[in-house]
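Structure record follows, encoded as structure tokens.
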Amino acid sequence: MLEQLQEILSNKLKVSPEAITPEATREDIELDSLAVVELSLLLKSELGLDISDDDLLETETVADMVRLMEERSAKV
Amino acid sequence: MAGMDIAVTGLGLVTPGGIGVGPSWAAVCDGRPTAALDPVLANNPVRISSRVPGFDPDTLLSARRAHRLDRFVQFALVAAHEAVADARLDPTTWDGARVGVVLGCADGGPGTVEDQHDVLRERGADQVSPLLLPMQLPNMLAGQTAIEFGATGPNLVVATACASGATAIGMARDLLALGRCDVVLAGGSEAMITPLVMAGFAQMGALSRREDDPSSASRPFDADRDGFVAGEGAGILVMERVVDARARGAHIHGRIIGFGATADAHHMTSPHPDGAGIEAAVRAALADAGADPDDVQHVNAHGTSTPLNDLAEARMIKRTLQGDPLVTSTKGVTGHLLGAAGAVEAAFALLSVEHEIVPPTAGLRIPDGRIDIKLAQSATCMPIDLALSNSCGFGGQNTALAIAPA
């Protein structure tokens, strides 16, 4: 899942790949509220995961986002 | 305001002639047309455009930044970086509160709107990008430029259609003269070569249909002109009061010494047939400059290559400027950069004054017999004490800028 998130962030949202570490915060990878909505749409269209922007805004780090993706993936 | 000299200490250009002042100026001096068949317009009634060659926003800006900017803002930021560097100003140390941004565009980001309209129709409203509005709003031109350079002074976007870039420069002159700013980034940017916008221009009958010879489609003042070629790009000027520029030892490309803005109040697209509106703008700019109409030696005309505009403007020049100035239209090279045209052409007029070269009117072969003005048919070396840059927009909005050497 980390690799999939990294790919979406770097290929689609053009986040610098080296910045996308598990410890990186949303601020570190420049995910403001608009980018979080973009990410939510991409998680749905690319991976079929229903994760709202509000859900994503409750995460602190990339690792938290990956955990959330894994949880939602398990329910699919 | 009369007598207030405003210096241009930085220039930045992104035009179909190339990225940067050097390539753009070389293209117009060489009279090298840029119009070509455009694959994006393959299904359009008119398929000719003048594109900026080799524009890669991911390289010129950061990929992350470029992803969140419409093309018209990308052009502006690239041109603004060149202009600020040229002015040898350091945005990390300047007093941002004294730095204004006044830019013009005609349409904002129609490319983003059209892309997202496709998303809406094909995938539904809940898939539309949250960046739709912040990317396409016209005011983002100045807003994003302010973010880029930490400019927290007055921040404006001017929309006077194809006069927008020139009007912005005039408004910047006023802000500096009134003491509201010490530095203003002024100019215009446009990226309107999209299938929908171009279909609209085609349906108006405004575009050249010379698809058998696209490179000669833009023919300002020519007997066979049949419409304009749409171009894209940006022109940004760094402007400051002459006294401030001289105090810091800045290089001054030239001075904006007069600004006139008027409305035809006549028709939504056609200019007043005898050029009354643009004449009033020219007279206002010259009065602002404290200059006599007969003193004008060079005119960078609006010269769109449309039958009506060129005739009206030429009649106005003949009637108003008795000093027989040498006239050019650089649109034969660049096409018509719409809301950016006035800024890019003001930059060319400044370069003409600085380098004492009037570029040729590319595309001009046989002048319209009804046009009786002195047209530059080849690059011409001449000292210029006073130049004009004219701009006219749909809606009947006109701007003239009076330009003098440093």
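Let me confirm something: among B:V113, B:V119, which residue is touching a helix residue (DSSP H, G or I) at 6+ places or on another chain (Cβ under 9 Å), open to solvent by 50 Å² or more (accessible area, probe 1.4 Å), in a helix (DSSP H, G or I) and over 25 Å from B:S24 (Cα atoms)?
Within the list B:V113, B:V119, the selection yields B:V113.
Just the residues that are part of a strand (DSSP E or B) and open to solvent by 40 Å² or more (accessible area, probe 1.4 Å), please, taken from the stretch B:342-379. Answer for the stretch B:342-379, where residues must be part of a strand (DSSP E or B) and open to solvent by 40 Å² or more (accessible area, probe 1.4 Å): B:I357, B:P367, B:K374. Select from the stretch B:380-392 the residues that are surrounded by 19 or more Cβ atoms within 10 Å (Cβ to Cβ) and touching a Leu at 6+ places or on another chain (Cβ under 9 Å) and list them in ascending order. Result: B:I384, B:L386, B:A387, B:L388, B:S389, B:N390, B:S391. In the stretch A:30-62, the residue that is nearest to B:M135 (Cα to Cα) out of those that are of a type in the set (G, A, S) and open to solvent by less than 30 Å² (accessible area, probe 1.4 Å) is A:A35.
Scanning for something surrounded by fewer than 23 Cβ atoms within 10 Å (Cβ to Cβ), within 22 Å of the chain's Cα centre (by Cα), more than 23 Å from B:F72 (Cα to Cα) and modelled with pLDDT of 95 or more, does the stretch B:217-228 turn up at least one residue?
Within the stretch B:217-228, one or more residues are surrounded by fewer than 23 Cβ atoms within 10 Å (Cβ to Cβ), within 22 Å of the chain's Cα centre (by Cα), more than 23 Å from B:F72 (Cα to Cα) and modelled with pLDDT of 95 or more.
Among the conditions (1) assigned to a helix (DSSP H, G or I); (2) surrounded by 13 or more Cβ atoms within 10 Å (Cβ to Cβ); (3) without any contact (Cβ under 8 Å) to a residue 12 or more places away in the chain, the only one that A:L68 does not satisfy is (3). For B:L103, are the conditions met, namely being at pLDDT 95 or above and either open to solvent by less than 60 Å² (accessible area, probe 1.4 Å) or not assigned by the TED database to the domain that holds B:V157 (or both)? When the stated conditions are applied, B:L103 passes them. Being of a type outside the set (A, V, I, L, M), within 23 Å of B:A217 (Cβ to Cβ), free of Cβ contacts under 8 Å to residues at least 60 places away in the same chain and touching a helix residue (DSSP H, G or I) at 6+ places or on another chain (Cβ under 9 Å) is a property that holds for B:S270.
For the stretch B:129-152, the tally of residues that are open to solvent by less than 40 Å² (accessible area, probe 1.4 Å), within 14 Å of another protein chain (Cβ to nearest Cβ) and in a loop (DSSP other than H, G, I, E, B) stands at 3. Could you tell me whether B:R47 is more than 22 Å from B:L137 (Cβ to Cβ), open to solvent by 60 Å² or more (accessible area, probe 1.4 Å) and under 20 Å from the mean Cα position of the chain (by Cα)? So B:R47 does not fit the description; no. Per the listing B:A97, B:A66, the residue uniquely of a type in the set (A, V, I, L, M, F, W, C), in a helix (DSSP H, G or I) and within 14 Å of chain A (Cβ to nearest Cβ) is B:A66.
Only residues that are open to solvent by less than 10 Å² (accessible area, probe 1.4 Å), in contact with a Ser or Thr (Cβ under 6 Å, 6 or more places away or on another chain) and not hydroxyl-bearing (S, T, Y) were counted across the stretch B:1-31, and they come to 4.
Would you confirm whether any residue within the stretch B:190-210 is among the charged types (D, E, K, R) and touching a Ser or Thr at 6+ places or on another chain (Cβ under 7 Å)? Yes, the stretch B:190-210 contains a residue that is among the charged types (D, E, K, R) and touching a Ser or Thr at 6+ places or on another chain (Cβ under 7 Å). Taken over the stretch A:1-11, the criterion of being open to solvent by less than 50 Å² (accessible area, probe 1.4 Å) and within 14 Å of chain B (Cβ to nearest Cβ) is satisfied by A:I8, A:L9, A:S10. Out of B:G54, B:G124, report the one residue that is more than 14 Å from chain A (Cβ to nearest Cβ) and small (G, A, S). On inspection, the qualifying residue turns out to be B:G54. Within the group B:V353, B:V358, B:V344, which residue is more than 22 Å from B:V14 (Cβ to Cβ), at pLDDT 95 or above and among the β-branched types (V, I, T)? Among B:V353, B:V358, B:V344, only B:V358 is more than 22 Å from B:V14 (Cβ to Cβ), at pLDDT 95 or above and among the β-branched types (V, I, T). Residue count for the stretch B:1-42 satisfying the condition of being part of a helix (DSSP H, G or I) and either at positive phi or among the polar types (S, T, N, Q) (or both): 1. Residue check: B:E232 meets all listed conditions (1) in the same structural domain as B:L364 (by the TED database); (2) buried (at least 24 other Cβ atoms within 10 Å of the Cβ) but one, namely (1).
Please verify whether the stretch B:154-163 includes one or more residues that are within 14 Å of chain A (Cβ to nearest Cβ), open to solvent by 20 Å² or more (accessible area, probe 1.4 Å) and either among the β-branched types (V, I, T) or within 25 Å of B:T59 (Cα to Cα) (or both). The answer is no; no qualifying residue exists. Selection over the stretch A:12-29 of residues that are surrounded by fewer than 17 Cβ atoms within 10 Å (Cβ to Cβ) and either more than 8 Å from chain B (Cβ to nearest Cβ) or closer than 16 Å to B:P134 by Cα (or both) gives a count of 10. When you look at B:T34, is it closer than 25 Å to B:A168 by Cβ, open to solvent by 10 Å² or more (accessible area, probe 1.4 Å), within 14 Å of chain A (Cβ to nearest Cβ) and among the hydroxyl-bearing types (S, T, Y), yes or no? Answer is no for this residue.
Note on the stretch A:47-72: residues that are within 12 Å of another protein chain (Cβ to nearest Cβ) and under 20 Å from B:R68 (Cα atoms) total 1.
The values are calculated or read from the model by the stated rules, or taken from the named source; none is laboratory data. These numbers come from a predicted model, not from an experiment. With ideal geometry, Cβ positions are generated from the backbone for all residues, glycine too; neighbour counts draw on all protein chains shown. The protein model used for the area step is the full one, side chains on, heavy atoms only, and it has no ligands, DNA or RNA in it. Shrake-Rupley method; radii C 1.70, N 1.55, O 1.52, S 1.80 Å.
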